[in-house]
Amino acid sequence: DNIFGVMKNGNKIYLKNMKSFVQVAGVTSMKFRNPPHFMSLNDPTSVAAIHETEAVLDTYFYHPNTPTFIAIRLIQRFGFSNPSPRYIQTVSRAFSSGSYKKKQIKFGDGKYGNLEATIAAVTLDREARSLVLDADPSSGSLREPILKFVGVMKSMEFATHPNATEIRLQGLTEKMGQMPHFAPNVFSFFLPEYSAPGQVKDASLTSPEAQVMNAPTIVGFLNGLLSMVDIGLSSCYSGLGGRSVNWCPGYRTTYAPETYSHGVLRYTPSGTSAADVIDELALLLTGGRLNASSRNSIRVAYEAQSNQGLGLRMAQKLILTSPEFHSTNTFRTSAEARPDPENPQPSSKPYKSIVFLNLNGGMDSFNMLIPHSNCQDEKGNEKDMYNEYKEVRGDIALTKSGLHEIDTTSSSQVCDTFGLHPRLSVLKDLYDKKHLTFFANLGILQQPVDKTNWRSGSSRTALFAHNTQTEETAAVDIFDESAGIGVGGRIIDVLAKNGYQPGSISVAGAAPPIVSKSFPLVVVDPLGYEKFNPIPWAPSITSQAKSTNDATLVGSSFYGETWAKNLYQSLGENELLFTKYNKAPLTQVFPNTNIGRQLASISKLMKTKDDRGKDRDIFFAESQGWDMHADLAVPLDISFRELNDALTKFVAEMEASTLWEDTTVVLVSEFARTLLANTGNGSDHAWGGNYFIASGSLDGGKMMGTFPPDLKNNGTLAFEPGIVIPTSSWERLWNGVAQWFGVSNSDDLDTILPNRDKFDNLWNADDLYRG
């Protein structure tokens, strides 16, 4: 009963000299020692609950991985996407020891987790201060959108309107991919391990900020800055501020920005010559890194204006488009223009498209597809599978009477009748028309596994984690043979090699599943296609902006090149699609929901196929918010209703456009949820789940794969807490879809699905589609 006080990580903790064990019932070899437990089972108190919660938090906080985890995240946010191991170790030690010393100056109080010491180590380390590393193409980072925006306001001396009580920003998430206090999920705006296609990914580096950098956010952010330079902060002409006037054209003749906007840039250069002005702007906006070629071209544009005020605005705008403004290391230009994309010609081949519809967060697919009636066990005896479902799922089980019934007699499943969630009437309609096929118990697999070997047979991935499983479902390449290229991207690459003209388009930002080697990812904002530099009376800056983003020399910044390449692509897409996309007609009124707008956008983009010269398209759409750990019933009901309504209109639009037989919708989510409800009436991360494909050319109305014949943890497939081991891999599904899309050669299918040889009975196009 002795209690010992011990100093650990700079804090005194108290330990009791005792042993206690938790024994797993029925398995003598499975037990663990000294579980932290403060709650009395007979007399629980709130104080004991607080103590237990603090013990859990302390376990996380003092975990040996925490200092390194914190160090990497902080270093990345302070401008170094790929810090060296030595740099990470230095910051990690400062966090652990609570102290850091630089030139005889000590930081911190010597206690574990001291942030003064940690931040001092981040900002004062030699890797953070070295000018030499600016010339290293892999050093530095892209800059966060909000930091760039605030940086312009500070360096260009933004002054608020005298009557404005606060600066109001509007629509920043849609316009530039980042809005303070509005992170889209618990992982913030971008993932720390995200890697932009191109030089960054080829070098196995990360560039987190690039995840929110695409054509809509590039054009939207630049337009917001251009608007602020010309007319101050407002909502007019793609401005980033709140509404300040009712008639935006009034800024041309009537409204003075100082009076009618929420604030204006009041910067006045200290020099008078064009060269002096540009040098000063380069210092303030790029830390003096703006290259000589760009300074010269900006000087020419400055001097071409009719007065110094217009010249200043022109110089500000062009520097704001430069790679040096958007990245933090040295951009070395060849001063040679990048090639403009050629005007595409319509293809003579028939058109087909795939819609990769991702439900981000992990869909609870066992409340999408439910065993209903006419069920038999493996011996042919009658079995009440719905009752077993209800018993296992507990409070989150759906009522049997409200389900949409589907006939699976021909599918050799445990039940001849299954039910669908009450909100998913469109799936019932499509299934009955044979335009939809369900795939039961599908998931990421390294090889076929069972309850005896699933751990050892899944060594190449981290199961149950959002980031890794999202990456796995995007790539379907568990051994990383084509690292960074998505399964849809490999289909595109193979088709391009075989004479097709394919394209990859996302209406949901970054889209790893359709990233390819051969074609740039096109990103379209479903809220509308925004014209670059939209102020009607402002001079065009497109050609000058391209010249500040010329081709690079060897050794130039990877991050600057990522910006420049994406800017060029964005401007090309903008010129090509602005008119065609906005004028594309729709026969249906889509719901004004996130997924509704995305599917409407895809419908319009299909109608621009000839303008884009495409005979194959893979689209990426994504619905957020499926990670339902608590009170699952209502949010799942809402999400399924939104999915149902959007799909209903999309199918109707495809049928009206005679495109439904040439389109396949593939529903994907990174994993399913636990069968067992958690204590918050939600469900947690699991593995195998149920999905579907839909198309007018399907031989559907059936269920492929094998629905688990036993949902209990003592069955053949499920283990605590209701995690189901998949019996089919994603390779089986994509094999047939790729064949339908035009890939027939076995070697090409191996390229698309490098791990497909591990699985027998791959589904072919003839198994899935008519004829």
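The values are calculated or read from the model by the stated rules, or taken from the named source; none is laboratory data. Note that the structure is predicted; figures quoted are calculated from it, not measured. Here Cβ is always computed from backbone atoms with ideal geometry, including for glycine, and neighbour counts include all displayed protein chains. These accessible areas exclude ligands, DNA and RNA; they are computed on the full protein's heavy atoms, side chains included. Shrake-Rupley method; radii C 1.70, N 1.55, O 1.52, S 1.80 Å.
Worth a mention:
- Note on surface exposure: Glu127, Glu378, Glu530, Glu54 rank Glu378, Glu54, Glu530, Glu127 by accessible area, highest first, 1.4 Å probe.
- Linear extension gain, Asp480 paired with Lys379, 0.36 nm per residue minus alpha-carbon span: 32.2 nm
- Distant alpha-carbon pairs in region 58-139 (separation over 16 angstrom), percent: 48
- Shown here for region 81-147: trypsin sites (Lys or Arg not before Pro) in loop regions (DSSP other than H, G, I, E, B) with at most 11 other Cβ atoms within 10 Å, namely Lys103.
- Calculated diffusion of region 216-299, Stokes-Einstein form, Kirkwood radius summed over Cα pairs, 20 °C and 1.002 mPa s, µm²/s: 149
- Counting only DSSP H runs of at least 4 residues, each contributing -39500 (n - 2.57), and dividing by the residue count of the chain, the helix-based mean residue ellipticity at 222 nm comes to -10500 deg cm²/dmol.
- Ranking Val264, Val24 by solvent-accessible area of protein heavy atoms (1.4 Å probe, all protein chains present), from largest to smallest, gives Val24, Val264.
- Here the average projected area of the convex hull drawn through the C-alpha atoms of region 112-172 stands at 7.6 nm².
- Each Lys and Arg adds +1 at its Cβ and each Asp and Glu adds -1 at its Cβ; summed about the Cα centre, region 490-583 shows a dipole of about 240 debye.
- DSSP-defined beta bridges in the chain - what % are antiparallel, rounded to 5: 60
- Placing unit charges on each Cβ (+1 for Lys and Arg, -1 for Asp and Glu) gives region 1-89 a dipole about its Cα centre, and among Ile3, Gln89, Phe21 the Cα reaching farthest toward its positive end belongs to Gln89.
- Note on the chain: dipole from Cβ charges, positive end direction compared against Pro591, Ser348, Gln104; the farthest Cα belongs to Gln104.
- Counting only alpha carbon atoms, the long axis of helix 633-656 and the longest principal axis of the chain meet at about 70°.
- Computed on region 568-636, with alpha-carbon pairs under 8 angstrom and 6+ residues apart, the relative contact order is 28 percent.
- Rounded to whole Å, sorted largest first: equivalent-ellipsoid semi-axes of region 491-597, Cα gyration tensor: 26, 23, 13
- Positive-pole candidate from Met30, Pro44, Pro67, dipole of region 16-111, charges at beta carbon: Pro67
- Using a simple spin-label model with pseudo-atoms 7 Å out from Cα toward Cβ, Ala652 and Ser412 lie 3.9 nm apart.
- Shape index of region 232-390: Rg/Rh, with Rg the Cα radius of gyration and Rh the Kirkwood radius from the inverse mean 1/r over Cα pairs, equals 1.33.
- Glu661-Asp432 FRET efficiency (beta carbon distance; Förster radius 25 Å; 0.05 resolution): 0.90
- Pairs of Cα atoms nearer than 8 Å and 6+ residues apart set the relative contact order; for the chain it is 15 percent.
- Ignoring lysines fewer than eight residues from Lys607 along the same chain, the ones with Cα atoms less than 23 angstrom from its Cα are Lys349, Lys352, Lys531, Lys580, Lys583, Lys649.
- A crude spin-label estimate for the pair Arg126 and Leu57, with each label 7 Å from Cα along the Cβ direction, gives 3.9 nm.
- Per-q log10 I(q)/I(0), region 191-247, q = 0.27 Å⁻¹ (Debye; single scatterer per alpha-carbon; no solvent): -0.95
- Heavy-atom accessible surface of region 95-244: percent carbon and sulfur, 1.4 Å: 55
- Normalising by residue count, region 278-364 has a Cα convex hull of 225 Å³ per residue.
- With N the number of residues in the chain, Rg(Cα) / (2.2 N^0.38 Å) evaluates to 1.05.
- Low-density loop cleavage sites - trypsin sites (Lys or Arg not before Pro) in region 157-231, where at most 10 other Cβ are within 10 Å (DSSP): none
- Helix 66-77 axis, angle to the chain major axis (alpha carbon atoms, nearest 10°): 40
- Set of aspartates and glutamates with alpha-carbon distance to Lys546 below 19 Å, sequence-local pairs under 8 removed: Glu303, Glu324, Glu336, Asp340, Glu342, Glu530, Glu561, Glu573, Glu575
- Leu283-Ala203 FRET efficiency (beta carbon distance; Förster radius 35 Å; 0.05 resolution): 0.70
- Dipole magnitude of region 614-760, debye to nearest 20 (Cβ charges: Lys/Arg +1, Asp/Glu -1, about Cα centre): 320
- Hydrodynamic radius of region 1-135 by the Kirkwood approach over all distinct alpha-carbon pairs: 17.9 Å.
- Stretch gain in nm, segment Val27-Phe182, where the contour uses 0.36 nm per residue and the Cα spacing is subtracted: 51.1 nm
- With each label modelled as a point 7 angstrom along the Cα→C-beta vector, the Thr452-Gln624 pair spans 4.6 nm.
- Taking all protein chains together and rolling a 1.4 Å probe, Phe187 ends up with roughly 100 Å² accessible.
- Relative contact order (%) - region 604-754, alpha-carbon pairs under 8 angstrom, separation at least six: 18
- Between region 534-584 and region 251-283, the alpha-carbon center distance in angstrom: 24
- For the chain, taking a cut-off of 4.7 Å between Cβ atoms, no cysteine is left unpaired.
- The apolar share of the surface of region 443-589, taken as the fraction of accessible area on carbon and sulfur atoms (1.4 Å probe, ligands and nucleic acids excluded), comes to 54 percent.
- Taking a straight Cα-Cα cut-off under 16 Å and skipping sequence neighbours fewer than 8 places away in the same chain, the lysines within cross-link reach of Lys383 are Lys400, Lys712.
- The stretch between Asn42 and Asn307, if pulled fully straight at 0.36 nm per residue, gains 87.0 nm over its current Cα-Cα span.
- Overall size of region 642-771 from C-alpha positions, given as principal axis extents largest first: 48, 38, 23 Å.
- Here the translational diffusion coefficient of region 260-299 follows from Stokes-Einstein with Rh set to the Kirkwood radius across Cα pairs; for 10 °C and 1.306 mPa s it amounts to 142 µm²/s.
- Charge dipole of region 32-101 (Cα centre as origin; +1 on each Lys and Arg Cβ, -1 on each Asp and Glu Cβ, all else neutral): 620 debye, rounded to the nearest 20.
- Scattering from region 358-486 was approximated by placing one identical point on each alpha carbon and applying the Debye formula without solvent; log10 I(q)/I(0) at 0.12, 0.14 1/Å stands at -0.62, -0.82.
- Local electrostatic count at Ile70 - Lys and Arg +1, Asp and Glu -1, tallied over other residues with Cβ under 13 Å: +3
- Of the whole protein surface, Leu284 contributes about 80 Å² of accessible area at a 1.4 Å probe radius.
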